[in-house]
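Enquirer: Before I ask anything, let me first share the structure, which is written out below as structure tokens.
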Amino acid sequence: MMSYARPGMRLFTFLLFLALRVSVLPRVAAFNMTRNDNLAVYWGQDSAGGQKPLSAYCADDTIDTLILAFLYVFDGPGGEPVIDLANTCSKSGSPVFPGTALADCSFMAQQIEACQARGKAVTLSLGGATGKVGFESDASAEVFADRIWEQFLGGESATRPFGKAVLDGIDLDIESGSSVHYAAFVNKIRAHAKRETKRYYITAAPQCPFPDAHLGGTLDQAEFDAVYVQFYNNDCGLDEPKSYNIDVWDTWARTKSPNKDVKVYIGAPSSEHAAGTGYVNAKTLGKHATDAQSSFDSFGGVMLWDASEATDNDNYDKAIKKTLTAAGGEKSPPKPESAPRPKAGRPRISPPLRHPDEEPRVKSRLFRV
Ligand SMILES: *[C@@H]1O[C@H](CO)[C@@H](O)[C@H](O)[C@H]1NC(C)=O
């Protein structure tokens, strides 16, 4: 008797659960890369100090993509990569997997999944200003791609820093080391992703001078979903109206990128302290963004470095998202037939380390100067 009743009971409970879920939870739109009002924000390096847990930045509809920064060493102790999320999780502040310097940040799994449940994409950035990165051959780049897939994306591994959470993609913020073999890396990640129904995103954060010294060749050879161009710490930045070159990046997107639907984001510092140069106030950045929305089909939104600086700066992220949404979104504005796409920016100087690592922490994502 019981054995007959149970499945029915389970079904009933399940249906009840579904009904409650549908009626109680707000409907959340999934992350949509084809929009032109997306806000992508780097989180992890605690650029301003006082960085809050990831979940704090997913509590409202401001940020669409959270980019975890950084995985800054490809081949560390035990042959494993090294990640650093400053005050939240690092090799000096958290347990590491035995024989490695790879931090176990699996306490973040629930937070990551909660962000994703709110329709946000959570990706991992590789590189940073002080990264020890690079490949010796296409073959080693492919092996590394397999490892990244197994440890952070859809694969399986005993050493998954974020536990069962499956990140939504990978960002390349390569600012040092050899610039070759990255296309093989990207292609291998894509080959894994192709076998899945879940969508994975691959982005890059080139500096605005075109072509980018470290990523230029890769951007022409492999498919990216978006470029977060760093329009700061460079003379083509947002603070240099005459040489600001988003049009060049739009032209690249339309004519050179292997993915003709690639999105170009305006990458900007979220406070005066977040970069050496390139900061502009929210009104000025908002104007750049709405101009790009109406001029470039390739425009995808704004990238900010970083989350902690934005909060400190009077919630700069919220101001920018508001402007983006007001003018962009679903309806694409009428565009000239030959609408071009936008381009991106550059890194900034890092703040002093906040934990006692012997190594400088990757500070800004964009570090460099
Ligand atoms: C994604 O955004 C585009 C552009 O705004 C829109 O046309 C499309 O319907 C959206 N897709 C989904 C699944 O919402």
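The values are calculated or read from the model by the stated rules, or taken from the named source; none is laboratory data. Quick caveat, the model's predicted, so the values are computed rather than measured. Using ideal geometry, Cβ is built from the backbone for each residue, glycine included, and neighbour counts are taken over all protein chains shown.
Enquirer: Would it be correct to say that residue 65 is within 25 Å of the chain's Cα centre (by Cα), modelled with pLDDT of 95 or more, buried (at least 23 other Cβ atoms within 10 Å of the Cβ) and within 16 Å of the ligand (Cβ to nearest atom)?
Expert: Taking the combined requirement at face value, the residue satisfies it.
Enquirer: Does residue 250 qualify as being assigned to a loop (DSSP other than H, G, I, E, B) and crowded, with 16+ Cβ neighbours inside 10 Å?
Expert: Taking the combined requirement at face value, the residue does not satisfy it.
Enquirer: Hey, among the residues in the range 303-328 that are in contact with a helix residue (DSSP H, G or I) (Cβ under 9 Å, 6 or more places away or on another chain) and within 16 Å of the ligand (Cβ to nearest atom), which one's nearest to residue 129 (Cα to Cα)?
Expert: Once the filter is applied, the top-ranked residue is 324.
Enquirer: Kindly provide the set of residues from the range 282-295 that are out of contact with any strand residue (DSSP E or B) (no Cβ under 7 Å at 6 or more places or on another chain) and farther than 10 Å from residue 37 by Cα, ordered by number.
Expert: Answer for the range 282-295, where residues must be out of contact with any strand residue (DSSP E or B) (no Cβ under 7 Å at 6 or more places or on another chain) and farther than 10 Å from residue 37 by Cα: 282, 283, 284, 286, 287, 291, 294, 295.
Enquirer: So which residues in the range 28-53 are of a type in the set (Val, Ile, Thr) and within 12 Å of the ligand (Cβ to nearest atom), if there are any at all?
Expert: Correct list: 28, 34.
Enquirer: I'm trying to understand the selection: among the residues of the range 245-261, which are within 20 Å of the chain's Cα centre (by Cα) and touching a residue at least 40 places away in the same chain (Cβ under 8 Å)?
Expert: Within the range 245-261, 246, 249, 250, 253, 261 qualify.
Enquirer: Looking at (1) touching a residue at least 40 places away in the same chain (Cβ under 8 Å); (2) in contact with a Pro (Cβ under 6 Å, 6 or more places away or on another chain), can you tell me which one residue 223 breaks?
Expert: Single failed check for residue 223: (1).
Enquirer: Hey, does the range 74-85 have a residue that's within 16 Å of the ligand (Cβ to nearest atom) and surrounded by 19 or more Cβ atoms within 10 Å (Cβ to Cβ)?
Expert: Scanning the range 74-85, I find no residue that is within 16 Å of the ligand (Cβ to nearest atom) and surrounded by 19 or more Cβ atoms within 10 Å (Cβ to Cβ), so the answer is no.
Enquirer: Being within 16 Å of the ligand (Cβ to nearest atom) and at pLDDT 50 or above is the requirement here; does residue 331 meet it?
Expert: When the stated conditions are applied, residue 331 does not pass them.
Enquirer: Then there's this: Is it fair to say residue 289 is modelled with pLDDT of 95 or more and surrounded by 21 or more Cβ atoms within 10 Å (Cβ to Cβ)?
Expert: For residue 289, the condition - modelled with pLDDT of 95 or more and surrounded by 21 or more Cβ atoms within 10 Å (Cβ to Cβ) - is met.
Enquirer: Something else about it: Give the range 40-59 a look and list any residue that's surrounded by fewer than 24 Cβ atoms within 10 Å (Cβ to Cβ), touching a residue at least 12 places away in the same chain (Cβ under 8 Å) and under 28 Å from residue 290 (Cβ atoms), or say none.
Expert: 48, 57, 58
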